[in-house]
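The values are calculated or read from the model by the stated rules, or taken from the named source; none is laboratory data. This structure is a prediction, so every number in the text was calculated from the model and none was measured. Note that we place each Cβ from the backbone using ideal geometry, even for glycine, and neighbour counts take in every protein chain shown.
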């Protein structure tokens, strides 16, 4: 009996140490997310500096920055899933993940767009240059507000005030900031050459379009448009088909990364808007019945 007690006492610390080790796994992916954001900023600054000297080498650095943001999205997705799978979700992890997202999906894409387009296309002190900086600030500020709202809803899933949507595991309220940054990175990855190589007029037009896109993405992030979270994907019995689908998609990305990533990011950003517009086009009685059914189920 005494030997059994000693055996249990010896085995308990090992189990406790293993449990502590599990908490490090999501944090490691969050650290990788931060590293990718840091590298994306460095690569963007390097590309901006080389644009007037060697546009082709600058394009390489801009492409590196876009790829780094894409990898950060992968790490950001994995750290949340691993935390839920290992049941190691902590308040510290939630806050650390949000701070990482501010850098990787807020500051990094803003720096990339400025170096790749706006900073090179518009001279300092011009009105378009100032408007471009303001549009990028709108994107960044809306992304920070989006993350703050998500943290509040995650910690207090009840209704905060009248009209505030409840926390829904199947959907995000507003466009998440990683897909927003993913769309910007996919555009740069599709055509990494600085916009100045296309001529002065084309660079101005494309830069203005990017400014509009940044402002729209900011508006979508702070909106109440619902976007699919995909948190329940991979938790059912059809995991085998999901693995096949992911494997096929991975092969497509490997062979045609520029087109595939741009199409994927554009599809995700637009699908929430399509659902919202489709809801507005429904008959009023049907919308009221759907709203009553949701309120009854909740």
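Couple of notes before you dig in:
- Only one of 80, 47 that is over 17 Å from residue 143 (Cβ atoms), modelled with pLDDT under 90 and assigned to a helix (DSSP H, G or I): 80
- Counting only residues that are surrounded by fewer than 23 Cβ atoms within 10 Å (Cβ to Cβ) and either closer than 20 Å to residue 97 by Cα or under 18 Å from the mean Cα position of the chain (by Cα) (or both), region 43-69 holds 3 of them.
- Yes/no for residue 39 being in contact (Cβ under 8 Å) with a residue 24 or more places away in the chain and closer than 21 Å to residue 261 by Cβ: yes
- Residue check for residue 212: part of a helix (DSSP H, G or I), modelled with pLDDT of 90 or more, more than 24 Å from residue 77 (Cα to Cα) and touching a helix residue (DSSP H, G or I) at 6+ places or on another chain (Cβ under 6 Å): no
- Filtered by the rule that a residue be at pLDDT 90 or above, outside any loop (DSSP other than H, G, I, E, B) and crowded, with 20+ Cβ neighbours inside 10 Å, region 120-137 gives 121, 132, 135, 136.
- So residue 75, is it surrounded by 18 or more Cβ atoms within 10 Å (Cβ to Cβ), modelled with pLDDT under 95 and assigned to a helix (DSSP H, G or I): yes
- Checking 22, 96, 39 one by one, the residue that is surrounded by 14 or more Cβ atoms within 10 Å (Cβ to Cβ) and either modelled with pLDDT of 95 or more or outside any helix (DSSP H, G or I) (or both) is 39 and no other.
- Residue among 195, 160, 217 that alone is surrounded by 21 or more Cβ atoms within 10 Å (Cβ to Cβ) and modelled with pLDDT under 95: 195
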